[in-house]
Each structure stands twice: as C-alpha cells, then as structure tokens.
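Report on the structure given below.
The values are calculated or read from the model by the stated rules, or taken from the named source; none is laboratory data. Note that the structure is a prediction, hence the values are computed from the model and not measured. Note that each Cβ is placed from the backbone with ideal geometry, even for glycine, and that neighbours are counted across all protein chains shown. What goes into the accessible areas is simple: the full protein's heavy atoms, side chains included, and nothing from ligands, DNA or RNA. Shrake-Rupley method; radii C 1.70, N 1.55, O 1.52, S 1.80 Å.
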Amino acid sequence: RTPSIFVHHDVAFGLPFKDTSFDFIVNFEMIKYLPIEQGKRLLSEMRRVLKPDGLLYLSTTYQSDRPGYMQSVPFERIEALLIEHGLSIHKRR
C-alpha cells in the first residue's frame, strides 16, 4: 500500500514540505484552475519537493475561453513550462 497525502494549501507560500521529499506527485485536473503565475509557482514547488529521480503525473485540459488561467495555456507551452522548471517529459498522452 502506497501512502498518500492530499494537500489544500496556498501555493503563494510554497508547498509545506522539505526539498526532495517525494518519489511521486500526482496532479490530476487541478493546475488548470490556477492563474498562470500561480501555476508556474506550483510547477516550481513540485520540482523542489520531488526527489531527483521522482515522477510528476500531471493532467490538464485546454480551454481557450479562460484567458489568464493555466487551462488557457496550449499543451506545447505547458511542456515548455515543465522543462523551464527543471522537469522532463517522459510520455504525453
């Protein structure tokens, strides 16, 4: 059985975990609701708390009628943001 944690926290204050704490982070359909700058901050924080060989599972959708929010960012730009924040892409579905 794999332990899990659900976090409800304001990303403006950073994630409440030590650096390199996690093997896996799962973010399904949540990041899209954040304003773009908060989404970038969350990506940075998720990278910070991931172990060097850790994995981030990220799921989001694109909706162009929500300008200013992560869901209005095209997938190619999301991929670029992941790379800019020190993450690499192993598989895209």
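Take peptides 62-73, 43-54 and line them up by average Cβ neighbours within 10 Å, highest first, as a rough protection proxy.
With the highest mean Cβ count within 10 Å placed first, the list reads 43-54, 62-73.
Of the labelled options (1) 38, 28, 26; (2) 41, 24, 19; (3) 40, 38, 23, which one gives Cα extents along the principal axes in Å as computed for this structure?
Computed from the coordinates, Cα extents along the principal axes in Å corresponds to (1).
Would you work out the charge dipole size for the chain about its Cα centre, treating the Cβ of every Lys and Arg as +1 and the Cβ of every Asp and Glu as -1, and quote it to the nearest 20 debye?
180 debye
Using amide H atoms built 1.01 Å from N in the peptide plane, name the residues 5+ places from residue 56, or on other chains, whose amide H lies under 5 Å from its own.
Amide H to amide H, under 5 Å and 5 or more residues apart or across chains, residue 56 pairs with 25.
Taking the simple approach of a point 7 Å from Cα along Cα-to-Cβ for both residue 83 and residue 64, what is their distance in nm?
Placing both labels 7 Å along Cα→Cβ, they lie 2.3 nm apart.
What does the charge add up to near residue 49, with Lys and Arg as +1, Asp and Glu as -1, over the other residues with Cβ less than 10 Å from its Cβ?
Numbers: positive: 18, 47, 48, 51; negative: 19, 45.
Here the charged neighbours net out to +2.
Give me the percent of accessible area attributable to carbon and sulfur for the chain, probe 1.4 angstrom.
54 percent
Put +1 on the Cβ of each Lys and Arg and -1 on the Cβ of each Asp and Glu in the chain; which of 64, 42, 54 then has its Cα farthest toward the positive end of the dipole?
It is 54.
Each residue of segment 43-55 in order: what ³J(HN,Hα) in whole Hz does its phi give by Karplus 6.51 cos²θ - 1.76 cosθ + 1.60, θ = phi - 60°, with x for Gly and Pro?
Once θ is set to phi - 60°, the couplings for segment 43-55 become 4, 4, 5, 5, 5, 4, 8, 6, 5, x, 9, x, 10 Hz.
Please work out how much length the chain gains when fully extended from residue 57 to residue 5, using 0.36 nm per residue of separation minus the C-alpha to C-alpha distance, in nm with one decimal.
Gain in length upon complete extension: 17.3 nm.
What percent does the relative contact order of the chain come to when contacts are Cα pairs within less than 8 Å and at least six residues apart? Present the calculation step by step, with values, prior to reporting the outcome.
Details: 114 pairs, mean separation 27.2, N = 93.
After rounding, I find 29 percent.
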